[in-house]
1. Would you mind computing, in nm to one decimal, how far apart the modelled labels at H67 and Q156 are, each placed 7 Å from Cα along Cα→Cβ?
2. Compute and list, largest first, the equivalent-ellipsoid semi-axes of segment 103-152 from the alpha carbon gyration tensor, each √(5λ) rounded to a whole angstrom.
3. So, in nm, how far is label V406 from label R12 when the simple model puts each one 7 Å beyond its Cα toward the Cβ?
4. Quick one: what do you get for segment 134-262 if you divide its Cα Rg by 2.2 N^0.38 Å?
5. Evaluate the charge dipole of the chain about its Cα centre and quote only its size in Debye, nearest 20, assuming +1 on the Cβ of each Lys and Arg and -1 on the Cβ of each Asp and Glu.
6. Taking N as the number of residues in segment 340-401, what is its Cα Rg relative to 2.2 N^0.38 Å?
7. Could I have the simple spin-label model distance between H392 and K212, label points 7 Å from Cα toward Cβ, reported in nm to one decimal?
8. Please compute the Cα-Cα pair-distance distribution of segment 2-101 with 5 Å bins starting at 0, giving whole percents from short to long.
Amino acid sequence: MKNIYESPFNTRYASREMQYLFSPEKKFKTWRRLWIALAEAERELGLNISEEQIDELKRFKDKINYHAAEEKEKELRHDVMAHVYAYGEQCPKARGIIHLGATSCYVGDNTDIIIMAEALKLIRSKLLTVIKELSDFALKYKDLPTLGFTHFQAAQPVTVGKRACLWIQDLLMDLEDLDHVLKGMKLLGSKGATGTQASFLTLFDGDHGKVKRLDELVAKKMGFERTFPVTGQTYPRKLDSRVMGVLSSIAQSAYKFSGDIRLLQNLKEVEEPFEEKQIGSSAMPYKRNPMRCERMASLARYVTVNALNPVITASSQWLERTLDDSANKRISIPEGFLAVDAILNIYINVAGGLQVYPKVIEKHLAEELPFMATEAILMEAVKRGGDRQALHERIRVHSMEAGRAVKMEGKENDLIVRIASDKAFKLSLEEINEILDPKNFIGRAPEQVEDFIAEHVKPVIDMSQSIDVESELRV
């Protein structure tokens, strides 16, 4: 039995890939990449830094002496300086130029941005995978009529595939937002203690051009096109708020999908995957609980609430910086990504394994369609010489009687039989059943699915690189 707390994100939910992005190893290796980029840029701009020193830094960039850093941090109570010291132990020739002119935020904040950008790209791949799974599902069931609902009350028929397009459209909006945020990601760069670059201006003997170029070179070496043009000591915490806003939006879309599947599973029309030996309930062996969608909803709720953390942090920063952001963002940002990663893992699993039961769908549709078809029946009866107003009243009476029999006596809906038996309508049961073909009531649903997938979904999938992501459910 383990006797210390472990995050469920590590043990149950998030992928290993996402966990690695927010691991200490990823962070500290990125710190070293940033120190190398800074030293290279400073050398290229004329500072007295040798190629030998940079080669030494590169030789140990992935061989972090954690024990030395941990011991030094106990003494200094400063994680960045502890790692500068540890790196210097390994690189005695380069010790004097590590972190030259920089503040802690140079490695800390730039690393945070780099990791968030990589994490957003992983989320993007998983989002595209969900969209692809749902688009295949939508096309497969584009013309399968099903009862539509408004207020969770029976409404006009739609198709199973058309309903899936609503889920896809939400995700496409999330993808647009994600791409906008990702495109706008900028590094902090090399800005100094209060964002004025004063320390670097001193290093370069007052050469403003070189200081400005340093910022650009560091960004390029780390794979970014731009840095924030003005900052305090940190990058604007508004960025965290924007990023978490996208994650919250994805969670909202997933929450909506999970709720729909839970309702449909209750109706026994559509179910999430259920494995051969899976147990639905410890007390009721027959149950097939929608546990995956319930987990998705639970995690989505966490993400939407957690998104308030960076909002409040961004709002409450003082002047050029304050440290009350650090502990909060150390928790809220990684957990936001880990949770959305877990949500999308579930979404991929469910979307790729949805079970549809056409006979149940047909049964439910048949129970309600007679009421919905009354206008079409009325019009056909009028064509045959009937009085519209008189027939309308007869349908109203028949509908009330049929509805009462269904609700009060638990009988089948016999409205069509009642109308066919009423000579005023001049319609046989066979003729009415032809009118009752569900495909007569789904409008352009199949065509809408085809157009939507062809015009809006397929181009997005085709423009994206190959989708290859870890999405297996861990428990």
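Values in this text are rule-based calculations from the coordinates and carry no lab data. Source: prediction; values computed, not measured. Cβ: placed from backbone, ideal geometry, glycine included. Neighbour counts: every protein chain shown.
1. Placing both labels 7 Å along Cα→Cβ, they lie 7.4 nm apart.
2. So the three semi-axes of segment 103-152 are 43, 14, 4 Å.
3. 4.1 nm
4. Rounded to two decimals, the normalised Rg is 1.72.
5. Dipole about the Cα centre, nearest 20: 620 debye.
6. Taking the Cα Rg and dividing by 2.2 N^0.38 Å, one obtains 2.01.
7. If labels sit at H392 and K212, their model points lie 7.6 nm apart.
8. Going from the shortest bin to the longest, the percentages are 2, 12, 20, 19, 15, 13, 9, 5, 3, 2, 0.
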